[in-house]
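The values are calculated or read from the model by the stated rules, or taken from the named source; none is laboratory data. Predicted model, so just to flag it, every value in this text is computed and none were measured. Counting neighbours? That spans all protein chains shown, and the Cβs are built from the backbone with ideal geometry, glycine included. Note: areas computed on protein heavy atoms with side chains; ligands, DNA, RNA excluded. Shrake-Rupley method; radii C 1.70, N 1.55, O 1.52, S 1.80 Å.
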Amino acid sequence: MESSINSRITVFCIAAIYVLSLFFFQPWNHGIVKGADPYGYYCYLPSIFIHDDLLSQEKTLAARLQYAKGDYTPASENPLGIDETFVSPTGNQVGKYTVGMAVMLTPFFLIAHFLASLSGDADGFSNMYRYCIDSAGFIYLTLGLILLIPVLRRYFSDAISAAALILIGLATNAFFYATYQPSMSHGTLFFLYSLLIYASMKWHIEPTKKMSIAIGIAAGMITLIRPNEMICLFIPILWQLQSKNAFKEKINLFKTNWKLLALAVCVYIIPGLLQLAYWKLATGQFIFYSYSDETFDFSNPQILNGLISFKNGWFIYTPIMFIAALGCLLSFVKFQTDWLWPLWIILPLHIYISYSWWSWNYINGFGSRPMVELYPLLVLPLGVVILKLSNRKILLSIFGIIAVGFLLLNIFQTYQFSRAVLFTEEMNRAYYISTFGKTSTDINDLLAFDLNELQPTISLNKKHILYSKAMNIEADSSQLYFDSTLQKHVLELTKEIQYSPGLKSTIEDLDLQANTQICVETKALKKTDLNGIYSQPLLVIQIGDHTWKGIRLGNKVGNSKGGLWQGEPYIWTTVTGCITLSQNTTSIDPVSIFIWNQQSSPIYIDSLSVFTLKQ
């Protein structure tokens with residue numbers, strides 16, 4: 001076999017880019033101190049090694065909150081005010097997430113603990129811990145790329161292997177989980193899948209104890225971290241089944257090496273015993289479902305949404321994987337090889353299972369994050385595509401241009417995410433188009449986010465007024481508040497009085513029809529931050545039973561910078577947004593336009609108007 005120098009240099013360069021990006025994004029400023037998944041994975045370690053509160057988590061949480069810097073919002077059901085653990089039937093705090101990531105993070109934690117002890121801040125959350133824990137994702141993902149070098153080199157040239165590694169490492173959202181959110185589980189799972197593929201390949205070349213143990217460890221830890229990833233066992237089981245006689249040969253191989261097979265099975269079971277022991281200690285039960293009411297709905301998988309929705313759709317935010325998917329088809333037709341059946345069985349199962357989860361768009365990430373762990377397998381069909389194009393210079397050049405474009409887009413969109421330009425878990429087509437190529441947002445972008453429509457240019461002479469009322473006239477006197485800035489009474493919407501007066505009519509009475517553009521406008525003020533995406537005051541447009549849209553007011557009032565999370569208090573602001581009436585609109589459809597305050601903090605409304613734009 002020829003040298004793999006190009007592939008090794010490639011991985012070195014990818015790792016260097018990761019390191020530079022880590023220092024640019026500085027993920028240690030959020031990560032384990034912010035909460036959510038990273039804290040849930042990690043909290044076992046400081047609670048065991050430092051605070052001795054595995055079953056109460058009180059001291060561990062208190063240590064984290066010293067560094068939270070406003071990233072902590074108490075939850076309602078847990079007395080501790082967090083969602084990463086909850087009260088078990090025995091009264092103990094039990095972790096939502098399995099102990100798998102804590103096991104994989106243990107070496108990095110112990111290094112951090114030793115170094116932090118030297119400086120006297122060994123509390124589990126000081127800078128040294130955050131630096132080391134966020135290094136883990138980058139290091140594991142890089143080790144995964146290193147393990148893929150001999151795997152790729154068995155089937156492809158050094159140049160093709162290097163190209164495939166570049167695309168997997170930099171043109172997919174693996175880059176995001178190596179550099180911006182490295183404390184998530186996906187970089188670690190990427191490594192474990194790479195190890196499983198590498199060990200399975202080596203074991204089938206020459207069965208050994210070392211590779212049997214590696215298979216057991218990799219598959220066992222994958223299953224421990226994400227139990228639904230048990231399907232990874234199909235990699236060693238189905239490896240090298242590409243011919244008609246391969247099944248009999250595989251049975252004979254297993255019979256001949258049954259002791260090594262038993263060794264792999266025993267090693268596979270060991271990680272799971274850790275979880276059973278923890279559940280028994282914390283809950284009194286060996287088997288315990290720790291995700292409460294978060295479940296799979298296998299009868300209604302959101303596969304199409306998971307693949308092409310603008311809410312973290314896999315192909316939307318990692319388009320290079322569409323080419324890898326084409327490579328899967330090409331492999332089945334023209335490239336029968338060792339890894340074909342593991343790929344063809346695991347990929348559809350993984351997609352079906354992942355997008356049957358209640359939160360199919362997988363919040364707290366960029367793109368479809370459960371697909372990242374499968375990239376060590378998908379790099380192989382990506383290599384097949386490059387191989388088939390390698391003798392066709394024009395097609396290869398076109399592919400190269402497209403691939404480089406996808407790579408640059410991926411890195412740029414990661415930067416957009418870091419600047420709060422992208423919020424991919426709740427995006428839509430209009431906002432994606434409106435912000436494409438931008439490094440900052442404006443109010444029209446925010447309106448596209450809310451309404452899923454690009455906004456028109458509005459001028460006074462184009463308005464045809466349908467409704468225009470001052471709230472101090474429309475509202476009941478008990479709802480009014482005197483504003484010293486405007487020197488008049490305005491409507492105060494509170495938790496007790498949530499809804500404003502507004503327009504109630506029909507499409508026929510307003511002389512509207514389908515495809516007409518209708519605009520709403522209000523003048524509002526807030527006295528506190530109301531910037532949370534999911535629970536802001538809304539300017540609601542409701543038409544029939546087919547259209548319900550809300551313009552978020554909290555992040556537009558007092559917003560001169562345009563960011564999704566911006567908006568300053570004590571600034572009266574006029575907010576205007578437009579929608580196009582759908583083709584389902586009929587003359588008898590009722591029209592309701594009003595303001596709804598769904599937060600406990602008040603918002604103040606001066607006026608509300610509705611108009612159309614003259615052609």
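No disulfide-compatible partner, judged by a Cβ distance under 4.7 Å, exists for the following cysteines of the chain: CYS13, CYS43, CYS132, CYS232, CYS266, CYS328.
Rounded to the nearest 10 degrees, the angle from helix 100-119 to the longest Cα principal axis of the chain is 80 degrees.
Using a 1.4 Å probe and ignoring any ligands, DNA or RNA, find the accessible area of PHE406 and quote it in Å² to the nearest 10. Accessible surface of PHE406 is approximately 50 Å². Ranking LEU45, SER292, ASN245 by Cα position along the charge dipole of the chain, where only Lys, Arg, Asp and Glu carry charges on their C-beta atoms, puts ASN245 farthest toward the positive end.
Distance between the pseudo-spin-label points of LYS259 and ILE402 (7 Å out from Cα toward the beta carbon): 5.2 nm.
Computed over protein heavy atoms with a 1.4 angstrom probe, the accessible surface ordering of SER194, SER468, largest first, is SER468, SER194.
Comparing Cα centroids, segment 141-186 and segment 547-615 end up 45 angstrom apart. For the chain, which whole-number percentage of the solvent-accessible area (1.4 Å probe, protein heavy atoms only) is attributable to carbon and sulfur atoms? The value for the chain is 60 percent carbon and sulfur by accessible area.
Using the 1.4 Å probe convention, the accessible area of segment 535-600 works out to 40 Å² per residue with neighbouring protein chains retained. In the set [x] 1.02; [y] 1.13; [z] 0.98, which value of Rg/Rh (Cα atoms, Kirkwood Rh) was calculated from the structure you see? From the options [x] 1.02; [y] 1.13; [z] 0.98, the structure gives [x]. Across segment 511-525, coupling constants 3J(HN,Hα) worked out from phi with the 6.51/-1.76/1.60 Karplus curve, θ = phi - 60°, read 6, 10, 8, 4, 6, 6, 8, 10, 10, 10, 8, 9, 10, 9, 8 Hz, and Gly and Pro carry x. Using only side-chain charges placed at the Cβ, +1 for Lys and Arg and -1 for Asp and Glu, the dipole size of the chain relative to its Cα centre rounds to 2160 debye.
Summarising the label geometry, the points placed 7 Å from Cα in the beta-carbon direction at PHE412 and LYS463 lie 3.7 nm from one another. Once R0 is set to 30 Å, what does the formula 1/(1 + (r/R0)^6) return for the Cβ-Cβ distance between ASN92 and LEU304, expressed as a FRET efficiency to the nearest 0.05? The value I calculate is 0.15.
One chain, two ends: LYS248 and ASP293. Fully extended at 0.36 nm per residue, the span grows by 11.7 nm beyond their Cα-Cα distance.
Per residue, how much accessible area does segment 294-410 show when a 1.4 Å probe rolls over the protein heavy atoms, in square angstrom?
For segment 294-410, the solvent-accessible area averages 41 Å² per residue.
Segment 1-72 and segment 274-334 have Cα centres lying 22 Å from one another.
In the chain, the longest principal axis of the Cα atoms and the axis of helix 340-354 are about 30 degrees apart.
For segment 107-266, the solvent-accessible area with a 1.4 angstrom probe is 37 square angstrom per residue. The trypsin sites (Lys or Arg not before Pro) of segment 1-108 meeting both criteria, a DSSP state outside H, G, I, E and B (loop) and at most 15 other C-beta atoms within 10 angstrom of the site's C-beta, are LYS69.
Label-to-label distance, LYS488 versus ALA420, with points set 7 angstrom from Cα along the beta-carbon direction: 3.3 nm. Loop-located chymotrypsin sites (Phe, Trp or Tyr not before Pro) in segment 475-542 (DSSP state not H, G, I, E or B) with no more than 11 neighbouring Cβ atoms inside 10 Å: TYR534. Helix 209-225 and the long axis of the chain differ in direction by around 20°, with both axes built from C-alpha atoms. Measuring with a 1.4 angstrom probe and ignoring ligands and nucleic acids, TRP548 comes out at about 130 Å² accessible.
Once the C-beta distance of ALA62 and ILE394 is scaled by a Förster radius of 41 Å, the resulting FRET efficiency is 0.05 to the nearest 0.05. Amide H contacts of SER88: GLN93, VAL94, each under 5 Å away and 5 or more positions distant or on a separate chain (H built 1.01 Å from N in the peptide plane; Pro and chain starts excluded).
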